[in-house]
């Protein structure tokens with residue numbers, strides 16, 4: 001198993017590297033992105049993401065997102081679009097978020113704190129109890145104060161403008177972390193007003209825009225360069241989230257602790273939910 005996992009990881013990294021090289025070469029050879037078609041130095045995107053498939057871990061991934069970056073291709077002779085960017089997927093507060101019930105049942109079956117220290121054991125037991133309590137309260141009373149379960153992500157990546165003459169298509173490749181968090185009552189430390197539990201897992205994604213939206217040229221007063229605004233831009237994305245290597249992050253304002261899920265959840269459970277694949281659509285306003 002370790003050797004097989006190593007081969008799969010190496011293959012994934014090699015595939016991503018080849019994808020980077022392919023689109024970099026493709027973009028650099030594009031005639032449509034010449035000096036006549038200027039591109040912006042700054043890149044800003046704000047929009048709404050909506051998963052289309054039913055995930056096996058979370059019941060929601062909807063929410064707002066924001067991205068900002070610098071177009072490194074602006075400084076090249078042909079003024080290409082090669083943007084280095086960072087993004088933040090906001091917590092989806094417009095949706096009731098929680099774990100799927102089957103997933104929650106499997107956690108209860110596989111849970112064990114035998115290999116943990118006393119402090120870590122206290123934290124994971126509080127997490128286990130609050131996880132079940134929070135899930136029940138979220139379903140029964142979606143507007144109550146204890147509905148604190150949300151999902152968010154932080155990521156960074158690179159995007160390329162593809163050389164299509166009729167449609168200015170953009171492809172993005174990115175990686176980061178997806179975080180599912182909720183706050184619980186004072187259970188693991190006396191005298192604390194809250195406890196924050198957060199499951200952090202690595203995420204890789206790719207995004208392709210198919211509709212550029214309605215274009216408008218703006219003026220950047222700070223840099224003195226043109227900005228091209230695209231309203232109603234539509235793109236499709238795919239994210240592969242690694243759950244098997246997830247960690248539980250805990251804080252009560254003073255204490256901070258990170259515990260691997262593999263230390264209190266058994267192998268069969270982690271292998272069953274090893275990866276979560278998310279397909280979806282994004283609608284946004286973008287400046288590039």
With a ≥ b ≥ c taken as the square roots of the eigenvalues of the C-alpha gyration tensor of the range 37-82, please select rounded if a/c is under 1.5 and otherwise prolate if a/b is larger than b/c or oblate if it is not? prolate
Here the residues of the range 194-212 lying in the modelled label zone of residue 256, meaning backbone nitrogen under 19 Å from a point 7 Å along Cα-to-Cβ, are 194-202
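FYI, it's all coordinate maths here, none of it is from the lab. Here the structure is a predicted model, which means the values were calculated and not measured. Reconstructed Cβ throughout: ideal geometry from the backbone, glycine too, with neighbour counts over all protein chains shown.
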